Amino acid sequence: MDWKGCWEKGTMPWHMEDVHPKFLSHVDKITEKKNNAKIFFPLCGKAVEMFYLAKKGHTIVGVEYIEIAVKQFFDENKLSYKTKHVPEIDGDVYENEENRIKIYCGDYFKFGPTLETNFDGVWDRGGLEAVLIDEREKYTEIMKSVMKRGAPCVTEVPDRPVGEGPPFNLTVNEITHLYDLKAPPEKVDYDPASEILKSMNVDGMFYYYYKINS
Ligand SMILES: C[S@@+](CC[C@H](N)C(=O)[O-])C[C@H]1O[C@@H](n2cnc3c(N)ncnc32)[C@H](O)[C@@H]1O
């Protein structure tokens, strides 16, 4: 997947200008209604949900390897930032201290607990479903290593009957295995007909949303 090309051409069908309705429906499951929870946005793009939660007093960490996306996030939300080189990810971290938002601009697969740990919650939309199938195990190993034990991760999971990904199909059994769960995760929602899905024009595709506590 040519993510850089998408950002350079401005073709990001996944990006939503407004806060994702399913995020709004399930945000309390992600923060568990804590004050100042530390929330992780893997493969974050310029997701507007990050600033939404920061404004509610939470601490936000994202990881995104395309610099255009990271800069657009700060610029479009009129947030200033400082950058610092982070050798572990061969990139920089962009930070707005006042609003407690950090985005690591580098490869997720180089991210880990030496940089950030103890996340209270995760919104994983366009992360696990976007990586290549043979990268899923590494993806979830990193996720488990940075989350607090038992912390919630609300994850979007596509069900597409036709076509190649991303997003790639994912079954509940795979999630159970990848996150070492004793029982299948709770299915909290589904979305058969969002604007995003219409724009992707994949017949019969829809999304499930699961809450994973690993
Ligand atoms: C489908 S988009 C989802 C963006 C965001 N989560 C949202 O809801 O709008 C996937 C994003 O992951 C980024 N990405 C893909 N592979 C990555 C990697 N290995 N490390 C960091 N970012 C990555 C892409 O540049 C793209 O912005």
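Just a few scattered comments:
- By the count of neighbouring beta-carbon atoms within 10 Å, fewest first, Trp7, Trp123 end up ordered Trp7, Trp123.
- Two tests apply to each whole DSSP H helix in the chain, Cα reach of 15 Å or more along its axis and mean Kyte-Doolittle hydropathy of at least -1.0, and the ones passing both are 21-31.
- Burial order of peptide ranges 177-183, 59-65 (average beta-carbon count within 10 Å, highest first): 59-65, 177-183
- Isotropic mean projected area of the C-alpha convex hull, the chain (nm²): 11.0
- For the chain: relative contact order, % (alpha-carbon pairs under 8 angstrom, 6 or more apart): 18
- Charge context of Met1, other residues only, Cβ under 13 angstrom, K/R +1, D/E -1: -3
- Taking Arg100, Arg160 and counting other C-beta atoms within 10 Å, the order from fewest to most: Arg100, Arg160
- The lysines whose alpha-carbon is closer than 21 Å to the alpha-carbon of Lys55, local same-chain residues fewer than 8 away aside, are Lys22, Lys29, Lys33, Lys34, Lys38, Lys46, Lys71, Lys78, Lys82, Lys102.
- Net charge over other residues, Cβ less than 11 angstrom from the Cβ of Val202 (K, R count +1; D, E count -1): -1
- Based on DSSP H segments of at least four residues, each scored -39500 (n - 2.57), the chain has a per-residue ellipticity at 222 nm of -7500 deg cm²/dmol.
- In terms of its C-alpha gyration tensor, the stretch 128-214 comes out prolate, because a/c is 1.5 or above and the ratio a/b outweighs b/c.
Every number here is computed from the coordinates shown, using simple stated rules; none is lab data. Bear in mind the structure is a predicted one, so any value in this text is a computation, not a measurement. Counting neighbours? That spans all protein chains shown, and the Cβs are built from the backbone with ideal geometry, glycine included.
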